[in-house]
Amino acid sequence: RRNAAATLLDHASGGRAATLAMRHYITEQEKISAWTPPVIGQHEVIFEADKLRASRVTVVIPLYNYQQYVVEALDSVAAQSLRDLDLVVVDDASTDASLKLVLAWTKAHADRFNRVLVVRHLENCGLGIARNTGFALACSLWIMALDADNRLRKTCCERCLEVADASGAAFVYPTLKRF
């Protein structure tokens, strides 16, 4: 991708190629300025514990009525081999005991994480918006999305970081195993 100065120099040199380059540059700038941030849900913070240390990864768990699975998901996050880790749980206005279980679990395991945050949407917004809310509240460069009825293998976050660091990839994700 060319920088603005190079594009302006091309345009100043004249000619059709320069005009096309400038038109392309202006079009790209319009796309960038037209970008709108993702929609997030109105929410309240239910619990937060923060050691004020930087983590490279935040695990984000959107949650809606998964009381029977969420503790297993949380346990798999706590068991990660990566020591510096943040956790954000977004309850999407669950009507079962999901939030109560998460709150008890996060209070009991807060010391495991650099930062743990539990928020509740004021109304049910759906999975996508719950994820967006969690992503917006994350403070790390890397985010691992984990659904409340899934689990992470013990080295998942660590291995994903190793692959990202070694390859320079913009994103990585683990393989999935059905259980």
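At a Cα cut-off below 12 Å, give the aspartates and glutamates reachable from Lys154, other chains included and same-chain residues fewer than 8 away excluded. Of all the aspartates and glutamates, those that pass the test against Lys154 - Cα under 12 Å, at least 8 places apart if same chain - are Asp75. Taking the accessible area of the stretch 83-141, probe 1.4 Å, and keeping the other protein chains in place, the carbon and sulfur fraction comes to 56%.
Beta bridges from DSSP with both residues in the stretch 31-151: antiparallel share about 30 percent, rounded to the nearest 5.
Label-to-label distance for Ile26 and Glu44 is 5.1 nm, based on points extended 7 Å past Cα in the beta-carbon direction. Residue-wise HN-Hα couplings along the stretch 127-140, as the Karplus relation 6.51 cos²θ - 1.76 cosθ + 1.60 with θ = phi - 60° gives them from phi, are 4, x, 6, 4, 4, 4, 4, x, 4, 5, 8, 6, 10, 9 Hz; Gly and Pro carry x. For Ser94, the residues whose amide H sits under 5 Å from its own are Asn65, ignoring neighbours fewer than 5 places away on the same chain, with H placed 1.01 Å from N. Residues whose amide H comes within less than 5 Å of that of Phe47, counting only those at least five positions distant or on another chain, are Val118 (H built at 1.01 Å from N in the peptide plane).
Counting only other residues whose beta carbon sits under 10 Å from that of Ser81, what net charge do I get with K and R as +1, D and E as -1? That sum, taken over residues with Cβ under 10 Å, equals +3.
Would the stretch 96-148 count as rounded, prolate or oblate if I go by the C-alpha gyration tensor, calling it rounded below 1.5 in a/c and otherwise prolate when a/b exceeds b/c, oblate otherwise? Taking the square roots of the gyration eigenvalues as a ≥ b ≥ c, the stretch 96-148 is oblate. Other residues with beta-carbon under 14 Å from the beta-carbon of Gly126 carry, at +1 per Lys or Arg and -1 per Asp or Glu, a net charge of -3. In the stretch 42-128, inverting the average of 1/r over every pair of distinct C-alpha atoms gives 13.0 Å as the Kirkwood radius. The calculated FRET efficiency for Arg53 paired with Asn150, based on their beta-carbon distance and R0 = 30 Å, is about 0.65.
The values are calculated or read from the model by the stated rules, or taken from the named source; none is laboratory data. These numbers come from a predicted model, not from an experiment. Cβ sites come from the backbone with ideal geometry, for glycine too, and all protein chains shown count toward neighbours. Ligands, DNA and RNA are stripped out before the accessible areas are found, and what is left, the full protein with its side chains, is counted by its heavy atoms. Shrake-Rupley method; radii C 1.70, N 1.55, O 1.52, S 1.80 Å.
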